[in-house]
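The structure appears right after this line, and notes come after that.
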Amino acid sequence: MSSIKRLIVDNFQSHQHTEVEFGLGLNVVVGPSDFGKSALVRALRWVLYNEPRGANFIRVGAKVCQVKVEMDDGTIVARLRSTTGKNQYLLKSPDLDELVFEGFGSDVPAEIIQVTGVRKIIIDEHSKVELNLASQLEGPFLMSENGAIRAKVIGQLGGVHILDWAQRSVNTELRRLGEREKRSQEQLEQLAESLKSYKHLPELQEKIEQITYLIRQIEQNTQKVEELTALQRDWEENKKALAGVERVLSVMTRLDQAEERCRQLVECSQQYGSLVNLQMEISQVNKQFAWVDRVIADTGQVALIDEQLQKSDPLYHEWKDLNQVASELEQITNHLKKISFIAERTKELAAVEKQLTDIEEKRQRWKIYHELGQDWKEHDNAYRGSCLAAERYQKEIDQHLQDFRKFLLKIGKCPVCFGELDQEAIERVLNEYR
């Protein structure tokens with residue numbers, strides 16, 4: 001156990017520089033009044049207990065106040081305070097470097113307490129006892145204290161304070177646990193009361209499952225409606241295309257008659273070519289007839305000519321041939337009249353040929369439109385089936401929405417957020433699925 005060997009006081013209250021050496025055991029400072037005895041005790045208290053606070057104890061005219069306590073092992077504890085706000089504890093050991101402590105507040109650094117071994121003894125939360133220092137006019141130890149304090153100190157000397165501390169701790173813990181139990185019981189009651197408002201949750205869960213099923217059905221039906229809508233759009237497009245096909249077909253209703261006339265025109269064209277060739281031959285024959293007429297006009301004696309013709313075989317035979325040609329010429333003339341009539345009817349053959357080309361193109365287009373018409377009929381049948389299915393699904397959706405409306409009116413709350421639902425809010429919800 002260490003003890004104080006020497007006290008050095010500089011500029012503390014009335015002491016400018018004072019050194020006091022202590023002996024072993026109890027030390028008593030005596031002397032006349034107002035010679036600074038109490039100031040020495042205050043200087044020790046300032047170092048050992050960090051009391052008094054402030055800077056009023058600095059000697060008048062001085063700027064720095066310092067108190068040193070030298071222990072018997074050579075360790076020096078110094079307390080320093082200046083008017084500029086400097087506030088430090090200094091600890092210097094013979095075998096260690098000097099330590100400086102600042103910012104310790106109203107406490108004494110633990111290193112200082114460990115070196116001096118001086119601390120206040122705590123009797124209870126309101127009472128503390130200083131065993132190492134006694135002030136002037138202070139009575140013997142514990143004699144000036146009341147009975148409760150003396151009992152507590154004696155109890156601490158005998159270790160009874162540990163039992164008191166344990167009892168106080170147990171009582172505190174029991175009170176804390178009791179309060180905790182009370183709070184827990186209140187919380188349980190509150191939770192039990194709160195759980196009453198959730199009694200309908202199983203029913204709501206079942207209804208939510210039903211609503212989820214209905215929503216799934218609505219989504220599926222909505223998807224089917226979208227598919228049917230797409231089919232309807234395709235049907236409308238096919239309907240427009242079919243209208244065009246029907247217009248073309250109405251124009252081409254007389255295609256067979258046109259083909260027959262075209263065939264007849266081709267035959268007429270061929271006959272016309274033959275007649276043109278025949279016309280050329282007739283022209284040659286007419287030239288020969290003209291020559292014969294000139295010969296007959298130049299000869300007045302026809303009988304003689306006839307006799308001479310009979311006598312002249314080549315000429316006779318030629319005359320017979322010409323006579324035959326004259327007969328044929330009359331037939332050819334009649335035939336030419338027919339040809340002229342046919343030619344009159346076939347003056348627009350080039351235009352007819354162009355029409356035939358257009359008709360062939362239209363026939364090909366009609367073939368394509370006919371195929372489109374067949375496709376349209378298939379799409380039309382599919383669309384009619386889709387319309388029937390859409391109508392059936394729409395009825396199912398309307399029925400599910402009616403059930404959903406009744407369900408929402410029955411519960412009166414949103415199954416998701418548990419908010420209140422009125423008729424208008426329910427209609428808004430149902431409109432989202434229509």
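The values are calculated or read from the model by the stated rules, or taken from the named source; none is laboratory data. As the structure is a prediction and not an experimental result, all values here were calculated from the model. Note that each Cβ is placed from the backbone with ideal geometry, even for glycine, and that neighbours are counted across all protein chains shown.
Summary of values
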quantity: Flag for Glu181 being at pLDDT 85 or above, surrounded by 10 or more Cβ atoms within 10 Å (Cβ to Cβ) and more than 30 Å from Glu125 (Cβ to Cβ); calculated: no
quantity: Filtered residues of region 111-129 (kept if closer than 23 Å to Gln88 by Cα and assigned to a loop (DSSP other than H, G, I, E, B)); calculated: Gly117, Val118, Arg119, Lys120
quantity: Condition check for Leu430: modelled with pLDDT of 75 or more and either in contact with a helix residue (DSSP H, G or I) (Cβ under 8 Å, 6 or more places away or on another chain) or among the aliphatic types (A, V, I, L, M) (or both); calculated: no
quantity: Strands (runs of 3 or more DSSP E) fully within region 9-103 counting 2 or more residues that are free of Cβ contacts under 8 Å to residues at least 24 places away in the same chain; calculated: 15-21, 76-82, 87-92, 99-101
quantity: Hey, Val225 out of contact with any Cys (no Cβ under 6 Å at 6 or more places or on another chain), farther than 27 Å from Glu391 by Cβ and either at pLDDT 85 or above or among the aliphatic types (A, V, I, L, M) (or both) or not; calculated: no
quantity: Which numbered condition Glu145 misses (of (1) within 30 Å of Leu131 (Cα to Cα); (2) exposed (fewer than 13 other Cβ atoms within 10 Å of the Cβ); (3) of a type outside the set (A, V, I, L, M, F, W, C)); calculated: (2)
quantity: Pair list, Cβ < 7 Å and 6+ apart or interchain, from region 159-181 residues that are in a helix (DSSP H, G or I) to residues that are modelled with pLDDT under 95; calculated: His161/Lys152; His161/Gly155; Asp164/Gly155
